[in-house]
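One structure is given below, encoded as structure tokens.
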Amino acid sequence: MAVDFLGALGAGSDIDSKNLVESLVQAERAPKESAINSRIAKSESQISAYGIVLAGLQSLEVAFNKLNDAKDFAEYTVSANGNTTTSGNSAYSIEATADAVPGIYSVDVTGIATTDRWGSDLRYDSLTTAINGGSNFTITHTDSSAATTTINVTDPTPQGVVDALNDADLGITASIVDTGLSVGGRYKIVVEGGLGSDNAFTLSTNAATGTTLDFGDSLQTASNATLTVNGVDVSRSSNTIDDLISGVTLQLTGETSGVSTISVTQSLSQVKDRIQELVDTYNAVNEQFASMADPESADDVGGVLSADSAVGNVRNQVRSFFSDASSTATDNVSFLTEIGISFTKTGELELDTDLLDTMLDSNFDDIVSIFSADTNN
């Protein structure tokens with residue numbers, strides 16, 4: 001039997017059959033579409049929550065890394081008293097490293113390391129003035145051990161001399177100084193060696209024709225730095241001295257007007273700040289984790305991970321970092337609670353600063369051990 005579909009749909013009547021069909025289709029699709037959109041929104045919230053978990057773990061890693069090496073605990077305050085010259089300028093600067101040893105040291109700088117510096121006897125009107133009548137000549141370099149080296153000058157001009165000396169690679173540096181003087185020549189050749197008496201040198205030439213060249217103008221004499229440290233007289237060929245006071249480098253710039261004093265004291269303020277930062281970071285991260293695990297939380301991602309056991313395991317592992325014994329425990333300290341870091345009844349970390357101060361004073365090496373295993377890098 002034939003069925004009148006068009007009639008059934010109201011074709012030819014006042015019924016809007018097209019809208020009727022679309023409404024029926026939409027009514028059928030709406031619940032499924034809503035369910036899909038709900039799942040999408042939930043997935044997006046979970047992805048955001050996982051991102052927060054990762055960021056939280058990374059922030060904890062940064063805080064832990066600031067206490068990861070023994071050198072992270074080696075903070076020192078270094079001060080100097082009396083390290084001035086007779087004119088009131090600084091005679092030396094100081095820098096301490098992780099190897100510094102607390103103590104008080106007396107330092108009296110009686111001389112700084114200098115270089116040999118020689119100038120040409122003559123000044124020249126031009127950089128291209130002919131020397132030795134324009135003929136090639138030689139320069140003899142004699143070092144502190146009396147060893148000699150001959151340097152051939154094939155461009156017999158002031159600039160040619162400078163180039164030949166620098167190209168000889170003898171540890172000396174030649175330059176031309178523009179004196180600005182108009183009488184007696186304007187340009188002077190200056191040659192300088194390395195610091196210390198072992199780098200002393202002389203120069204002589206065989207230029208004998210016309211305008212000549214000799215290096216007889218002694219502008220400065222090479223010498224070692226001399227100083228007295230804790231009553232012991234010492235000499236060094238450099239003004240950078242790092243082998244007299246453990247972990248302390250002296251940069252000499254002048255002679256002290258008298259005996260000066262260097263004080264090296266251990267600074268605990270940065271260590272305490274880093275421990276406090278670790279506690280604060282854990283509390284901030286734990287608060288985020290708790291919100292995401294609480295289905296009653298009103299936060300944007302509150303309760304999103306309430307049924308996620310993996311994240312629960314992560315929370316427990318993070319907590320164990322602070323509650324378990326250190327893998328490098330000492331005879332005196334094993335747990336963070338022993339230095340003042342403990343959990344409250346609400347699950348937050350708190351820091352007993354008085355106990356931490358006491359332990360840093362009495363068991364500093366033990367605290368370094370439980371955090372860093374006494375290792376670096």
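The values are calculated or read from the model by the stated rules, or taken from the named source; none is laboratory data. Fair warning: this is a prediction, and the values are worked out from it, not measured in the lab. For neighbour counting, all protein chains shown are included, and Cβ atoms are generated from backbone atoms with ideal geometry for every residue, glycine included. Keep in mind that these areas ignore ligands, DNA and RNA; they rest on the heavy atoms of the full protein, side chains included. Shrake-Rupley method; radii C 1.70, N 1.55, O 1.52, S 1.80 Å.
Residues of the stretch 223-262 being among the polar types (S, T, N, Q), under 30 Å from Ala70 (Cβ atoms) and within 24 Å of the chain's Cα centre (by Cα), which ones?
Across the stretch 223-262, the qualifying residues are Thr240, Ser246, Thr249, Gln251.
If you go through the stretch 304-318 one residue at a time, do you hit one that is at pLDDT 80 or above and outside any helix (DSSP H, G or I)?
Within the stretch 304-318 (the criterion being at pLDDT 80 or above and outside any helix (DSSP H, G or I)), the answer is no, since none of the residues qualifies.
Based on this model, can you work out whether Thr261 counts as at pLDDT 80 or above and touching a strand residue (DSSP E or B) at 6+ places or on another chain (Cβ under 7 Å)?
Spelling it out, Thr261 is indeed at pLDDT 80 or above and touching a strand residue (DSSP E or B) at 6+ places or on another chain (Cβ under 7 Å).
Within the stretch 267-277, is there a residue that is free of Cβ contacts under 8 Å to residues at least 24 places away in the same chain, more than 14 Å from Val109 (Cβ to Cβ) and out of contact with any Leu (no Cβ under 7 Å at 6 or more places or on another chain)?
yes
Across the stretch 319-346, what is the total count of residues that are more than 32 Å from the chain's Cα centre (by Cα) and either open to solvent by 80 Å² or more (accessible area, probe 1.4 Å) or at pLDDT below 90 (or both)?
Within the stretch 319-346, residues that are more than 32 Å from the chain's Cα centre (by Cα) and either open to solvent by 80 Å² or more (accessible area, probe 1.4 Å) or at pLDDT below 90 (or both) number 5.
Kindly indicate whether Asp217 is out of contact with any Gly (no Cβ under 9 Å at 6 or more places or on another chain) and acidic (Asp, Glu).
Taking the combined requirement at face value, the residue does not satisfy it.
Could you tell me which residue of the stretch 288-300 is nearest to Ser342 (Cα to Cα), considering only residues that are surrounded by fewer than 19 Cβ atoms within 10 Å (Cβ to Cβ) and in contact with a helix residue (DSSP H, G or I) (Cβ under 7 Å, 6 or more places away or on another chain)?
Gln288
Does any residue in the stretch 254-265 that is under 11 Å from Leu227 (Cβ atoms) and open to solvent by 10 Å² or more (accessible area, probe 1.4 Å) come within less than 8 Å, Cβ to Cβ, of a residue that is β-branched (Val, Ile, Thr) and not in a strand (DSSP E or B) six or more places away or on a different chain, and which pairs are these?
Glu255/Thr85; Glu255/Thr86; Glu255/Ile112; Thr256/Thr85
Tell me which residues, restricted to the stretch 116-126, are over 10 Å from Ile189 (Cβ atoms) and surrounded by fewer than 22 Cβ atoms within 10 Å (Cβ to Cβ).
Arg117, Asp125, Ser126
How many residues does the stretch 79-93 hold that are surrounded by 18 or more Cβ atoms within 10 Å (Cβ to Cβ) and within 25 Å of the chain's Cα centre (by Cα)?
2
Is there a residue being of a type in the set (Phe, Trp, Tyr), modelled with pLDDT of 90 or more, open to solvent by 60 Å² or more (accessible area, probe 1.4 Å) and within 17 Å of Asn68 (Cα to Cα) anywhere in the stretch 365-376?
Taking every residue of the stretch 365-376 in turn, none turns out to be of a type in the set (Phe, Trp, Tyr), modelled with pLDDT of 90 or more, open to solvent by 60 Å² or more (accessible area, probe 1.4 Å) and within 17 Å of Asn68 (Cα to Cα).
Of the residues Ser106, Ser34, Ser79, only one is more than 30 Å from Asn286 (Cα to Cα), modelled with pLDDT of 95 or more and of a type in the set (S, T, N, Q); which?
The match here is Ser106.
I'd like to know if the stretch 278-287 contains one or more residues that are part of a helix (DSSP H, G or I), touching a helix residue (DSSP H, G or I) at 6+ places or on another chain (Cβ under 7 Å), open to solvent by 60 Å² or more (accessible area, probe 1.4 Å) and farther than 30 Å from Ala113 by Cα.
Checked the stretch 278-287: no residue is part of a helix (DSSP H, G or I), touching a helix residue (DSSP H, G or I) at 6+ places or on another chain (Cβ under 7 Å), open to solvent by 60 Å² or more (accessible area, probe 1.4 Å) and farther than 30 Å from Ala113 by Cα.
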